[in-house]
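What follows is a set of notes on a single structure, which appears directly below.
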Amino acid sequence: VLMLVNESEQPVRAACKRALRALGPVLGSSELSMVVAADSFDEGRKLDYEDFSAQTAQALVKDCSDRLDSFLTRLIGFLSHPQQIFRCNAACLLGHLLASL
């Protein structure tokens, strides 16, 4: 979901944003819930992925530190994905996660 939240197709983008809004409480992350509740995360808007990934990384490090190894492993796997959007988004989020540690 994090890899497709800035997809060019609006219906995909909107579905990912709805899923992330539901995911914050499931992960127990009040920080992530605040990130996805912001006006800039509106379903109709194209997302500034750089800013979003920085905020998301900080939220995950703060609230989900016990699961970071799983997040990092999955992101590393996306670095070899055939589609460029996945590789770029994974590299961006991975960099922000590592910088937030």
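The values are calculated or read from the model by the stated rules, or taken from the named source; none is laboratory data. For clarity, every value in this text was computed on a predicted model and none was experimentally measured. Virtual Cβ from ideal backbone geometry, glycine too; neighbours counted across all protein chains shown. Surface accessibility is based on the protein's heavy atoms, side chains included, excluding ligands, DNA and RNA. Shrake-Rupley method; radii C 1.70, N 1.55, O 1.52, S 1.80 Å.
Laid out as a table, the results:
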quantity	calculated
The stretch 35-101: translational diffusion in µm²/s, Stokes-Einstein, Kirkwood Rh over Cα pairs, 10 °C, 1.306 mPa s	127 µm²/s
Solvent-accessible area per residue, Å², over the chain with all protein chains present [probe radius 1.4 Å]	55 Å²
Whole-Å distance, taken between Cα centres, linking the stretch 3-20 and the stretch 28-101	13 Å
Low-density loop positions, GluC sites (Glu not before Pro), the chain - DSSP coil, at most 10 other Cβ in 10 Å	Glu9
Protein accessible area in the chain, 1.4 Å probe - carbon and sulfur %	56 percent
